[in-house]
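The structure under discussion appears below in the form of structure tokens.
The values are calculated or read from the model by the stated rules, or taken from the named source; none is laboratory data. Only a predicted model underlies this, so the values are computations on that prediction, with no experimental measurement involved. Please note: Cβ atoms are built from the backbone with ideal geometry, for glycine as well, and neighbour counts cover all protein chains shown. Each accessible area value is taken on the protein alone, full model and side chains, heavy atoms only, with ligands, DNA and RNA left out. Shrake-Rupley method; radii C 1.70, N 1.55, O 1.52, S 1.80 Å.
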Amino acid sequence: MAAKSNTEATQIDKSSFFWVGACGICHPGGGAGEYDRYGKKYFDPRSDQFGFEAIGLAATQVGLDGDYAFVPGSGVPRPAGHPTPPAEWNKTWTSEPDCMLCHADQRVLNGEMNLNWVWRTAAMRGMANLKDSAGNTVHSYMAASTAGQGWFDTLEMAPSQPGVPPTATKLDISYRKGIANGQLALGVAGEVMLLGTAVVDRPRDAACWGCHATPDLKKRARTWFDPDRDVHYRRFTLRHDADPSNDIAPERSQACTVCHPAGYDHHIAKGDPFEDTVASDRNYEDFVTCRDCHAPGNAYGAPVPTDQEFHRPGHLERISCQVCHIPSKDKAAQLVVDNAVSGVSTEYDTAAFLSADPLDPAAADKSRWYPSYHVKQDADGHERIFPAKLLNVVWWGAWYHGDDGLPNTADDFVRPIALWRIRAMTGGAPLSGATDDNGDGRVEINRPDEIRLYIARLRGDLGTRRVHPGDPHDYVLVKGGKVWWLDGDGQTGTVNEFELHADASAGVRWQGAKLESAVPFSIDHNVLAKSTAFADCAGCHVSPSPNLLDRKVLLDPFGPDDQAQPRYETTREVMAREGFRFLGQ
């Protein structure tokens, strides 16, 4: 999200206007969807004023304001002093709180897809371009809540690529459908009223899955509504018994809130994901963990493990339940995101670099893949091994050497360069001289001459090094656990690298956080029953162990050689690098 105050367009990635339209599809409105950082509504239709106008500013003064700046998808900022506000809040209005996003009783499913979420998403992404059948502007951010309930006569969407959320082009709002299906009623004066029977206290699974489906499948290969892939879904929807008459239909199931309850403060109980992006101060608060549910004498009627392996000394203190009960994943997940070639993300899934043989990632069988393992603190304070998918990201950054002006020191930091700026430099295509070295049909940046080419162009197109005090000292490629930088000019300079995890670069940061090229995404769902779980000693302790310690984990998707061959580490090496001490050490 762009800062409120900026001095140049290159500092802005996603403005508030863009964030609401593109990311507000999974946020229930209010807050940042409604009010700017002055505390004013982005646009108030009652006064016909923008928020900046309410405090006496003019449109010419907010061109670089993070709440009113241009939408970076185009990569073409409006010139300074432009008389029209770039962010067209007057056409979209604001995204007010949408209680029905989670609390609507009725849900329309198509397989695992929540169509209520699809309809709301499409309206939001229409942004300032959404029209009705008469050609009038539809206030897309305001109308999205209504569209999400299916209260429309017409909703037309533009064609989209697989995996890209839909965008509405035409929307005719109508409350007739809500009246017909019993969600709405007409009052004595003809006003439309929402009926209490249309609202549910505990959200349905479909409400959660609308937002979680895309990222959870993409980042974790997680599925839902499948009793064969998740014992909890099977149990909580009563599909574990032989009586089909008591089965709870997917659109009525409420399995998610068994482990993730919430009170009226709307704090939804959560565990502690590796990525830790939200409410980390409330990790495990009110959350029902594996150990809570399956402890002796538990209040849930859950089975208590009795296997001797489970009770062996040291195991419960060092290994999470998920290690054995989520042995592998049989849905592909996103494993690599390459943002370096053109400014358009190129995504590679697990099948490109992993296989059903954890010791041979190149094996032909791609029917499943195996997670890596990392250590984090569990609910009881113990540090344990947990499964994860390690997402590799390749990206360009602006390198600042800090106050002393020297590289590789503790006050260095690297700031990612917004993709729209890379697209402006490349025209959305690989630069001439960048090639596909591994023969997969997609260009990658891996060889020193390619890195030299791009850094030289970055120096030219984004400004030469350190012309102004706020400029970066140089530009770098972050890839495969290393920072790649150019010592010298773009013709004959030498491309060097340093390890992100080496002591010499321990202080290099990414905007205040530790610099990384790979991020673990927690794998905690789709728990398998004992009969299909990973539950023998040999899997961990017999060498080579195909199921845990010696499996291959992707370290660098494109090595620096002429064939751009991937590089791997073993799980043992990954955990040792992260400071985990194995038994006996």
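Test Arg204 against the stated conditions and say whether it is under 14 Å from Met100 (Cβ atoms) and among the basic types (Lys, Arg).
Working: under 14 Å from Met100 (Cβ atoms): yes; among the basic types (Lys, Arg): yes.
Spelling it out, Arg204 is indeed under 14 Å from Met100 (Cβ atoms) and among the basic types (Lys, Arg).
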Could you tell me whether Ala207 is among the aliphatic types (A, V, I, L, M), at positive phi and touching a residue at least 60 places away in the same chain (Cβ under 8 Å)? no
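Picking from Arg447, Arg421, Arg442, which residue would you name as being out of contact with any strand residue (DSSP E or B) (no Cβ under 7 Å at 6 or more places or on another chain), farther than 16 Å from Trp399 by Cβ, basic (Lys, Arg) and in contact (Cβ under 8 Å) with a residue 60 or more places away in the chain? Quick ask: steps written out before the conclusion?
Values: Arg421 fails: farther than 16 Å from Trp399 by Cβ; Arg442 fails: out of contact with any strand residue (DSSP E or B) (no Cβ under 7 Å at 6 or more places or on another chain).
Arg447 is the lone residue from the list that is out of contact with any strand residue (DSSP E or B) (no Cβ under 7 Å at 6 or more places or on another chain), farther than 16 Å from Trp399 by Cβ, basic (Lys, Arg) and in contact (Cβ under 8 Å) with a residue 60 or more places away in the chain.
Table: residues versus (1) open to solvent by 40 Å² or more (accessible area, probe 1.4 Å); (2) over 21 Å from Lys389 (Cβ atoms); (3) of a type in the set (Ser, Thr, Tyr); (4) in a helix (DSSP H, G or I).
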| position | (1), (2), (3), (4) |
| --- | --- |
| Arg235 | yes, yes, no, yes |
| Asp241 | yes, yes, no, no |
| Glu251 | yes, yes, no, yes |
| Tyr264 | yes, yes, yes, no |
| Cys293 | no, yes, no, yes |
| Gly297 | yes, yes, no, no |
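If you take the residues in the range 1-31 that are surrounded by fewer than 16 Cβ atoms within 10 Å (Cβ to Cβ) and of a type outside the set (S, T, N, Q), which one is nearest to Pro165 (Cα to Cα)?
Taking the range 1-31 as the starting set, the residues that turn out to be surrounded by fewer than 16 Cβ atoms within 10 Å (Cβ to Cβ) are 1, 3-5, 7-8, 23, 30-31.
Then drop every residue that is not of a type outside the set (S, T, N, Q), which leaves 1, 3-4, 8, 23, 30-31.
Details: Met1: 20, Ala3: 26, Lys4: 27, Glu8: 30, Cys23: 11, Gly30: 22, Gly31: 23 Å.
This residue is Cys23.
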Total residues in the range 253-262, condition part of a loop (DSSP other than H, G, I, E, B) and open to solvent by 40 Å² or more (accessible area, probe 1.4 Å): 3
Could you check how many residues of the range 520-558 are modelled with pLDDT under 90 and among the aliphatic types (A, V, I, L, M)? 7
Leading residue by the ranking (farthest from Gly480 (Cα to Cα)) among those in the range 559-584 that are at pLDDT 85 or above and among the charged types (D, E, K, R): Arg572
Of the numbered conditions (1) open to solvent by less than 70 Å² (accessible area, probe 1.4 Å); (2) more than 22 Å from Cys99 (Cα to Cα); (3) more than 32 Å from the chain's Cα centre (by Cα); (4) not acidic (Asp, Glu), Ala189 satisfies every one except a single condition; which is it? (1)
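Can you name the residue in the range 209-233 that is part of a loop (DSSP other than H, G, I, E, B) and basic (Lys, Arg) and is also most open to solvent (accessible area, probe 1.4 Å) among such residues? Let's see the steps before the verdict.
At the first step, the residues of the range 209-233 found to be part of a loop (DSSP other than H, G, I, E, B) are 221-230.
This time we only want the ones that are basic (Lys, Arg), so: 222, 229.
On the way: Arg222: 24, Arg229: 66 Å².
Filtering the range 209-233 for residues that are part of a loop (DSSP other than H, G, I, E, B) and basic (Lys, Arg), the one most open to solvent (accessible area, probe 1.4 Å) comes out as Arg229.
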Of all the residues that make up the range 33-70, how many are part of a strand (DSSP E or B) and crowded, with 16+ Cβ neighbours inside 10 Å? 5
Check on Ala362, open to solvent by 50 Å² or more (accessible area, probe 1.4 Å), modelled with pLDDT of 90 or more and either closer than 12 Å to His473 by Cβ or within 24 Å of the chain's Cα centre (by Cα) (or both): no
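Give the number of residues within the range 486-512 that are open to solvent by 50 Å² or more (accessible area, probe 1.4 Å) and either out of contact with any Ser or Thr (no Cβ under 7 Å at 6 or more places or on another chain) or modelled with pLDDT of 85 or more (or both). Step through it out loud before you land on a result.
If we filter the range 486-512 for residues that are open to solvent by 50 Å² or more (accessible area, probe 1.4 Å), which is where we start, we get 487, 489, 491-492, 494, 497, 499, 501, 503-504, 506, 509-512.
Next, from what is left, pick out any that are either out of contact with any Ser or Thr (no Cβ under 7 Å at 6 or more places or on another chain) or modelled with pLDDT of 85 or more (or both): 487, 489, 491-492, 494, 497, 501, 503-504, 506, 509-512.
Of the residues in that region, 14 qualify.
Determine whether Asn129 is closer than 26 Å to Asp36 by Cα, among the polar types (S, T, N, Q) and surrounded by fewer than 19 Cβ atoms within 10 Å (Cβ to Cβ). Steps first, please.
Numbers: closer than 26 Å to Asp36 by Cα: yes; among the polar types (S, T, N, Q): yes; surrounded by fewer than 19 Cβ atoms within 10 Å (Cβ to Cβ): yes.
For Asn129, the condition - closer than 26 Å to Asp36 by Cα, among the polar types (S, T, N, Q) and surrounded by fewer than 19 Cβ atoms within 10 Å (Cβ to Cβ) - is met.
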Could you list, ordered by first residue, the pairs with Cβ atoms under 9 Å in which the first is in the range 554-565 and over 17 Å from Thr346 (Cβ atoms) and open to solvent by 10 Å² or more (accessible area, probe 1.4 Å) and the second is of a type in the set (D, E, K, R) and part of a strand (DSSP E or B), at least 6 apart or interchain? Leu555/Arg567; Leu555/Glu569; Pro560/Glu497
Identity of the residue in the range 333-359, charged (D, E, K, R) and under 20 Å from the mean Cα position of the chain (by Cα), that ends up surrounded by the most Cβ atoms within 10 Å (Cβ to Cβ): Asp338
Of all the helices (runs of 4 or more DSSP H) wholly in the range 100-188, which have at least 3 residues that are in contact (Cβ under 8 Å) with a residue 60 or more places away in the chain? 100-103, 115-125, 140-148
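Within the range 373-396, can you find the residues that are of a type in the set (A, V, I, L, M), more than 19 Å from the chain's Cα centre (by Cα) and assigned to a strand (DSSP E or B)?
If we filter the range 373-396 for residues that are of a type in the set (A, V, I, L, M), which is where we start, we get 375, 379, 385, 388, 390-391, 393-394.
Restricting the remaining residues to those that are more than 19 Å from the chain's Cα centre (by Cα) gives 375, 379, 385.
Residues satisfying the conditions are Val375, Ile385.
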